[in-house]
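The values are calculated or read from the model by the stated rules, or taken from the named source; none is laboratory data. Note that the structure is a prediction, hence the values are computed from the model and not measured. In this analysis, Cβ positions are derived from the backbone assuming ideal geometry, glycine residues included, and neighbour counts consider all displayed protein chains.
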Amino acid sequence: MSTNYYAIYDECDCTCDHCSKKGMAYHLGKSSTGWAFALHIEPSMNLYDLEDIITFLIQKKATIIDERNSYCSLEDWLGLVVDLHPEVKHREDGKRCLVGSGTFDLLEGEFC
């Protein structure tokens with residue numbers, strides 16, 4: 001079983017109702033039974049590692065939801081990422097997938 005997680009945030013602070021930069025979504029990654037957490041990095045957004053993603057979540061005042069639209073607190077989500085005990089790590093290819101030293105791996109680009 002696996003679950004995808006998303007950050008929902010506003011790209012601008014305007015108060016207009018028609019702004020296309022409200023409710024933006026960023027795929028944070030995927031938790032799969034037995035696997036290291038697949039943390040989605042995005043160099044074009046300066047998101048290279050977990051620390052960058054935490055900063056992004058805090059600065060954007062993002063809400064974390066799972067693929068079933070259930071809310072997940074930052075603390076609970078971090079628990080999923082760093083407290084897993086994976087049996088399997090992703091296959092490092094030096095480009096899209098960088099195997100982490102801990103409980104999560106860094107994956108660039110879209111995946112599901």
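Take T55 and tell me if it is surrounded by fewer than 17 Cβ atoms within 10 Å (Cβ to Cβ), assigned to a strand (DSSP E or B), of a type in the set (V, I, T) and at pLDDT 90 or above.
Details: surrounded by fewer than 17 Cβ atoms within 10 Å (Cβ to Cβ): yes; assigned to a strand (DSSP E or B): no; of a type in the set (V, I, T): yes; at pLDDT 90 or above: yes.
Judged against the criteria, T55 is not a match.
Assess whether S73 counts as being at negative phi, in contact with a helix residue (DSSP H, G or I) (Cβ under 6 Å, 6 or more places away or on another chain) and of a type in the set (S, T, Y).
Working: at negative phi: yes; in contact with a helix residue (DSSP H, G or I) (Cβ under 6 Å, 6 or more places away or on another chain): no; of a type in the set (S, T, Y): yes.
Criteria not met by S73.
Selection over region 64-112 of residues that are part of a strand (DSSP E or B), at pLDDT below 95 and within 18 Å of E42 (Cβ to Cβ) gives a count of 7.
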